[in-house]
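Below is one structure; the comments refer to it alone.
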Amino acid sequence: MRGSKILITGPTGQLATPITRALAADNEVWGVARFTDRAARESLERAGVRCEQVNLAAGDFSALPSDFDYVLNLAVAKSGDWAKDLAANAESVGLLMAHCRGAKAFLHCSSAAVYDPPDDEPRTERAGLGDNHKFLFPTYSIAKIAGEVVARSMARVLGVPTTIARLNVPYGNNGGWPFYHMEMMLAGIPIPVPPGGPARYNPIHEDDIIATLPKLLEVASVPATTVNWCGHQTVSLQEWCGYLGSLIGKEPVFEESDQALRGNPTDVTYMHELVGGTTVDWRDGVRRMAAKFHPELVGR
């Protein structure tokens with residue numbers, strides 16, 4: 001992607017920061033957030049990002065131009081307050097799409113947390129939905145489902161080509177869930193796991209997220225395209241923690257809990273059909289992440 005005018009919500013987040021920086025190299029990138037962290041904002045501005053302070057929950061985008069080529073909605077709210085989180089994760093989607101109705105494509109980043117079928121079979125895009133994350137983030141899954149519905153509705157009402165991408169465990173040199181597990185091991189904190197067998201997921205490295213993003217925009221459509229956004233390898237939480245432990249010299253301690261997130265693997269068939277596969281092997285990605293944060297323990 002080169003020479004485009006791109007709007008990104010939540011550019012200081014774990015997922016959005018590397019995307020924002022990568023796109024800013026060859027595009028006019030605007031980032032909107034509350035920017036409570038001044039250092040994070042200044043870092044993005046040095047990378048060439050135009051930062052504007054916007055409260056997504058309030059839904060007021062009047063300070064922004066509307067002539068963006070592409071809009072990437074990567075922000076997320078997990079406050080636990082239903083009114084705030086529904087406003088930020090769902091209502092704001094419709095208001096933003098209305099403001100940027102002339103965009104060539106709108107990418108709405110959802111989550112595999114919207115799935116809740118029985119057992120641990122890989123979820124296709126047609127699998128049942130439910131309150132997957134209620135024990136950890138009580139508003140998260142429901143607000144994400146609501147956001148998808150708003151995005152689908154507005155795509156049809158406004159004629160905005162839209163892709164809804166259901167992300168599954170993003171990670172990389174900017175952190176992610178495996179990073180928190182690494183820090184828990186170093187601090188001697190047990191890692192909660194669900195009872196029974198391994199909790200399996202399809203983690204996706206930030207390099208693959210950035211590489212597949214242009215194609216996700218290319219397949220945007222009316223009605224909206226909904227697709228899993230995940231790595232090609234199915235890996236258990238226990239497996240990546242064990243590998244991390246071998247890198248940092250700490251044996252993971254697992255603690256079974258009925259309130260731990262159960263496995264959530266996603267089917268890659270439709271994603272491969274639309275945008276192709278991923279390339280980063282999870283061991284290489286995890287090793288690079290560990291070396292980034294703890295070079296004293298892991299050689300680069």
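Any read-out appearing in this document is the output of simple, stated calculations on the displayed coordinates, not a laboratory observation. Quantities reported herein were computed from a predicted structural model and do not represent experimental measurements. Neighbour counts run over all protein chains shown; Cβ positions are idealised from the backbone, glycine included.
Quick one: of the DSSP bridges fully inside segment 94-179, what percent are antiparallel, nearest 5?
Around 35 percent antiparallel, to the nearest 5.
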### Query
Going toward the positive end of the dipole of the chain, with +1 on Lys and Arg Cβ and -1 on Asp and Glu Cβ, which of Tyr171, Ala187, Leu56 do you reach last?
Leu56
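Taking the DSSP beta bridges in the chain as the whole, what percent of them are antiparallel, to the nearest 5?
Here the share of antiparallel DSSP bridges comes out near 15 percent.
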### Query
Amide H of Ile191: which non-local residues (sequence gap of 5 or more, or other chain) have their own amide H closer than 5 Å, using H built in the peptide plane?
Val253, Phe254, Glu255
### Summary
Amide H proximity to Ser236 below 5 Å, modelled H, separation 5+ or other chain, gives Tyr201
### Of Asn73, Cys100, Ser111, farthest towards positive along the dipole that unit charges on Lys, Arg, Asp, Glu beta carbons give segment 65-125
Cys100
#### Entry: Per-residue HN-Hα couplings for segment 105-111 [Karplus 6.51, -1.76, 1.60; θ = phi - 60°; Hz; x = Gly/Pro]
7, 10, 9, 9, 7, 9, 8
## Note on the structure
In a Gaussian network model of the chain with springs linking alpha carbons closer than 10 Å, the residue among Asn89, Asn73, Asn174 that fluctuates most is Asn174
### Task
Express the relative contact order of the chain as a whole percentage, based on alpha carbon pairs under 8 Å and six or more residues apart in sequence.
17
### Query
Based on DSSP, what percent of beta bridges with both residues in segment 166-300 are antiparallel, to the nearest 5?
35
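Need one word for segment 24-170: rounded, prolate or oblate. Basis is the Cα gyration tensor (sqrt eigenvalues a ≥ b ≥ c); a/c below 1.5 gives rounded, then a/b vs b/c decides.
Verdict is prolate for segment 24-170.
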### Message
Given the -39500 (n - 2.57) contribution per DSSP H run of 4+ residues, what per-residue ellipticity at 222 nm results for the chain, rounded to the nearest 500 deg cm²/dmol?
### Response
-10500 deg cm²/dmol
